[in-house]
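In what follows, a single structure is set out as structure tokens and then discussed.
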Amino acid sequence: PQGGQAGAIKTLLGKTQHSASALSTAVHGKGTLIRYVELPRMSMGELKKSFAYEADKYLPFTADQVYLDLLVLDPKSKSSKMTVMIAAAKKEIVDERIELFKSMDIALDFVTLNPIAVANIISTLKHPQENNKGDDKGDDKGEAAAIIDIGEKVTNINIIYGGLPRFTRDIFTAGSDFSRQISNTFKVSIEEAEALKYDPGKRKDEIVKACESVALNLISDMRLSLDYFVTEHNVPVTKILLAGGMSLFEGITELFKNYLEIEVGRWDPFEHIIVPDSMKEEVEKVSGELGTALGLALYS
């Protein structure tokens, strides 16, 4: 509340000892998107040149409104087709973030999207689906895992297959909707609802029951995305890993398990990171919220 985002960042940096000459950041939500398309195989130079003329075919806004980048996900494949990830963000979103850091005299190394930072953990460290045996196209008996990052305003679905993201979608049912439901049901303030959400005490069962309708809305949207991926790639999604602030909500895992016939667990992005004993307990409490930050750190 005091100093807004700039104040929070300054306070945080004041408590850390880092030697970075520049920082990295990520944006997400409305005005950002990730698409996956199949195109004839070509060099990156040819791809960027041709995409400059065809971007409007893949984006819901004109190319001059966004910053975008491209990544070939299967560069070593012998196939005549290649899978390309398109990442885009409206210019005002990125420019606003850049200006925020400029106002603090902090240099930025790069700006990415939250789901890409999260996927970077998987590709850099270890795929969460240990028994993935399929190839990039899912022609074998491979299996995929979905990381469901439930933030305050946005829920992001990131389906990982072969160690790489293959489907990404934002859903605008998220943590604040759960808080409002608790607030309305128990006639308490949003602040009190937030406290109950993360520390329900003996009221856990009734808090979870109150949130069931919101969870069902979220699960319904998730099902559409999971079904689309399975149909499109012929690869089953056999594991759901919950991340973000809502992954700390007691009962969220049970709600998902009750309505999805898929293994559900809480994702620990620090699973393959050595954390000092003095920090382990503190990190474990909030690790689900730190996925984007860890993904950004692993770029350096």
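At 1.4 Å probe size, put Arg266, Arg41 in order of accessible surface, largest to smallest.
Numbers: Arg266 100, Arg41 75 Å².
Of Arg266, Arg41, the descending order of accessible area is Arg266, Arg41.
Considering region 161-264 at the alpha-carbon level, its Rg and Dmax are found to be 15.1, 47 Å. Taking all Cα pairs closer than 8 Å and separated by 6 or more residues, the relative contact order of the chain comes to 17 percent. Adding -39500 (n - 2.57) for every DSSP H run of four residues or longer, then dividing by how many residues the chain holds, sets the calculated 222 nm ellipticity at -12000 deg cm²/dmol.
Antiparallel as a % of all DSSP beta bridges within the chain, to the nearest 5? Each step should come with its number before you reach the end.
Numbers: 29 of 44 bridges.
DSSP beta bridges in the chain are roughly 65 percent antiparallel.
Between Leu13 and Lys30, the modelled labels are 3.0 nm apart [label points 7 Å from Cα along Cα→Cβ]. In the assembled protein chains, Thr231 presents an accessible area of approximately 120 Å² (probe radius 1.4 Å). Rounded to whole numbers, the Karplus 3J(HN,Hα) couplings from phi for region 155-168 are 10, 10, 9, 10, 8, 10, 9, x, x, 10, x, 10, 7, 9 Hz, using 6.51 cos²θ - 1.76 cosθ + 1.60 with θ = phi - 60°, and x at Gly and Pro.
Proximity of backbone amide H atoms, modeled 1.01 Å from N, is registered between Ile273 and no other residue at under 5 Å, excluding neighbours fewer than 5 places apart on the same chain.
Could you rank His272, His233 by how accessible they are, 1.4 Å probe, largest area first? Before the final figure, lay out each step's value.
Working: His272 80, His233 60 Å².
Ranked from most to least accessible, the order is His272, His233.
Taking max minus min of the alpha-carbon positions on each principal axis, region 1-52 gives extents of 51, 29, 16 Å, largest first. Distance between Cα centroids, region 81-123 to region 172-212: provide it in whole Å. So the two Cα centres are separated by 32 Å. The length gained on full extension between Met44 and Ile106, counted as 0.36 nm times the residue separation minus their Cα-Cα distance, comes to 19.1 nm.
Applying 0.36 nm per residue to the separation of Ser21 and Tyr228 and subtracting their alpha-carbon distance, the gain on full extension is 70.2 nm. Taking every alpha-carbon pair within region 242-284, the share separated by more than 15 Å comes to 51 percent. Roughly how many nanometres apart are two label points built 7 Å out from the Cα toward the Cβ at Lys204 and Ala297? So the two model labels end up 2.9 nm from each other.
What is the chain by shape, rounded, prolate or oblate, if you read a ≥ b ≥ c off the alpha carbon gyration tensor as root eigenvalues and call it rounded for a/c under 1.5, prolate for a/b larger than b/c, and oblate otherwise? If you can, show how the numbers build up before the last one.
On the way: a/c = 1.61, a/b = 1.22, b/c = 1.32.
Oblate is the answer for the chain, as a/c is 1.5 or above yet b/c matches or exceeds a/b.
Shape analysis of region 87-128 places it in the oblate category; the axes a ≥ b ≥ c from the Cα gyration tensor give an a/c of at least 1.5, with a/b not above b/c. In a fully extended conformation the segment linking Thr62 and His272 would gain 71.5 nm over its present Cα-Cα distance, using 0.36 nm per residue. Membrane-span-like helices in the chain, defined here as complete DSSP H runs extending at least 18 Å along the helix axis by their C-alpha atoms with mean Kyte-Doolittle hydropathy no lower than -1.0, are 212-233; this is a sequence and geometry rule, not a statement about a membrane.
The values are calculated or read from the model by the stated rules, or taken from the named source; none is laboratory data. Keep in mind that what you see is a predicted model, and the values were worked out from it rather than measured. Cβ coordinates were reconstructed from backbone atoms using ideal geometry, including for glycine residues, and neighbour counts include every protein chain displayed. Accessible surface is based on the protein model in full, side chains and every heavy atom, while ligands, DNA and RNA are left aside. Shrake-Rupley method; radii C 1.70, N 1.55, O 1.52, S 1.80 Å.
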